[in-house]
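The values are calculated or read from the model by the stated rules, or taken from the named source; none is laboratory data. Treat the numbers as computed from the prediction; the structure is a model and nothing was measured. Here the Cβ positions follow ideal geometry from the backbone for every residue, glycine too, while neighbour counts run over all protein chains shown. These area figures cover heavy atoms from the full protein model, side chains too; ligands, DNA and RNA do not enter into them. Shrake-Rupley method; radii C 1.70, N 1.55, O 1.52, S 1.80 Å.
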Amino acid sequence: MNGRERVLAVVNRKVPDKIPKDLSWGLCPALEAEFRKRTGCDDYFEYFGLDIRFLDFAPTEVKRDFSEYYAGRDQEPGFSVNEWGVGSGKSRDTNLHFEHIISPFKAGMTERQAEEFPLPDFLEPRRSAHFKSYVDKCHEKGLAVCGSLTQTIFEKTWAIRGFEETMMDMLTEPEAITILMERITRMRMEQVVLMLKAGIDVLMLGDDVGMQTGMLIGVDTWREFLKPRLARIIARAREITPDIPVFYHSCGNPCQIIPELIEIGVNILNPIQPECMDLQKIKDTYGDKLAFWGGVSAQTNLSFGTPEQVKKEVKRCIEILGKDGGYLIGPNHMVEPEVSWENLIAFFEAVEEYGAY
């Protein structure tokens, strides 16, 4: 089997010849630099034989002026604004993938502002002109293509409005935040159509709605603001490609909403964070309905363990989540600066050693 065949097998809860592999959200800048230094290569997807590639929209050429939203707040070193109109400053450690988010509507957002705030235009023809040729090229190489629209609704909303402000708005003044969420949902539905028509193999959605002790937001709040909109996006996807596998990402422990994710059409769960989710219980409870993607702790063993502990962790994940198929292995988050080169290599060695059926 090639990589694409393996991925298609596991996302449909079948057994491949061996476990397909991924690096979740990739190597952090520090490890990417270490990779280049040690290997002389630029493409770690190719070097490590990862089975997937990601389809992304080309950068916009439209330049918008968001300065009116940042008067007096644009003095932070490295300040910049992305195409969503969200500002950021440099992290204290530039090796980290996290940035300090500076929200345009931190001080308040009216219904009119929520309606008129300029969101990105993903329908610019040039932004998706490469889609079909890129997907075809990957398929010719035997690779699966994932259309990634993670940070689907909630995370984009709070980046624009502010995190605490979004949490309060949903409970006390939902009118403006509802308008913004609805606009983002409609945009995602348009993006989904473009990706599916290009022939992607997996649609990746998600929002971080969990923390390590449970849900980040109340389940009733999730049901009111996020579930129906996520359901509409999935329904639109299935109008185009009825059998498209739908991946859902949430860090932390979203166990309270897993049955409802299944109800609205999710059939792949990521990242299965072992610090706060019982891998065996998740497999036993949902293994006949969900495929699993991730599972290897980037928070503990991969970052702070020995190579032997990393290999033991990989073996455990494969034995539990990979039993009878339905599992794509990878770290449960970006490979962080704390991960040693030796541990990264141990991860791949263990996948090869234990990943064959």
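How much of the DSSP beta bridge set in the chain is antiparallel, as a percent to the nearest 5? Please list the in-between numbers first.
Numbers: 8 of 33 bridges.
Roughly 25 percent of the DSSP beta bridges within the chain come out antiparallel.
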Checklist entry - Reachable aspartates and glutamates from K311, Cα under 14 Å, same-chain residues fewer than 8 places away excluded? => result E319, E342, E349, E352, E353
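How large a share of the accessible area of the range 3-355, in percent, is made up of carbon and sulfur atoms when the probe is 1.4 Å and the other protein chains stay in place? Provide the component values of the computation, followed by the final result.
Working: 7670 of 15500 Å².
Heavy-atom surface of the range 3-355 belonging to carbon and sulfur, 1.4 Å probe: 50 percent.
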Checklist entry - In a solvent-free Debye calculation with one equal scatterer on each Cα, what is log10 I(q)/I(0) for the range 153-230 at q = 0.20, 0.22, 0.24 Å⁻¹, listed in the order of the q values? => result -0.91, -1.05, -1.18
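Using Cα pairs under 8 angstrom and six or more residues apart, how large is the relative contact order of the range 165-274, in percent?
Values: 130 pairs, mean separation 34.0, N = 110.
It comes to 31 percent, rounded to a whole number.
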Checklist entry - Long-range amide H contacts for A291: which residues qualify at under 5 Å (H placed 1.01 Å from N, peptide plane, sequence gap of 5 or more or a different chain)? => result I268, L269
Next on the checklist: I need the chymotrypsin sites (Phe, Trp or Tyr not before Pro) found in the range 8-83, filtered to DSSP loop residues with at most 16 other beta carbons within 10 Å of theirs.
Outcome noted: F79
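Please give the charge dipole size of the range 117-248, origin at the Cα centre, charges +1 on K and R Cβ atoms and -1 on D and E Cβ atoms. Round to the nearest 20 debye.
580 debye
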Checklist entry - Where both partners of a DSSP beta bridge lie in the range 184-288, what percent of those bridges are antiparallel, to the nearest 5? => result 20 percent
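Would you mind checking the pairs K156/K289; K283/K323; K21/K315 and listing those with alpha carbons more than 18 angstrom apart? If you can, show how the numbers build up before the last one.
Values: K156/K289 29 Å; K283/K323 9 Å; K21/K315 13 Å.
Beyond 18 Å between Cα atoms: K156/K289.
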Checklist entry - How many angstrom lie between the C-alpha centres of the range 60-89 and the range 242-269? => result 33 Å
Checklist entry - What percent does the relative contact order of the chain come to when contacts are Cα pairs within less than 8 Å and at least six residues apart? => result 23 percent
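Taking the DSSP beta bridges in the range 3-152 as the whole, what percent of them are antiparallel, to the nearest 5? Kindly include the intermediate steps, with their values, before the conclusion.
Working: 5 of 9 bridges.
Antiparallel bridges make up about 55 percent of those DSSP assigns within the range 3-152.
Return one whole number: the accessible area per residue of the range 3-355 in Å², for a 1.4 Å probe. Please report the intermediate quantities before stating the final value.
Working: 15500 Å² over 353 residues.
Computed with neighbouring chains in place, this is 44 Å² per residue.
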Item to check | Total lysine pairs whose alpha carbons fall under 28 Å of each other in the range 24-136 (8 or more apart, or interchain) | outcome: 5
Item to check | Between the range 185-237 and the range 132-174, the Cα center-to-center distance that results, in Å | outcome: 8 Å
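Just to make sure I understand: if all protein chains stay in place, what is the order of C146, C41, C251 by accessible area at 1.4 Å, largest first? Write down the numbers at each step before the final one.
Numbers: C146 0, C41 45, C251 25 Å².
Descending order: C41, C251, C146.
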Next on the checklist: Rolling a 1.4 angstrom probe over the protein chains, ignoring ligands and nucleic acids, what is the accessible area of K289 in square angstrom, nearest 10?
Outcome noted: 90 Å²
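Under 1.5 on a/c is rounded, so check that first for the range 318-357, then, if it is not, pick prolate when a/b is larger than b/c and oblate when it is not; a ≥ b ≥ c are the square roots of the alpha carbon gyration tensor eigenvalues. It would help to have the intermediate numbers written out before the result.
Numbers: a/c = 3.78, a/b = 1.75, b/c = 2.16.
In terms of gyration-tensor shape, oblate.
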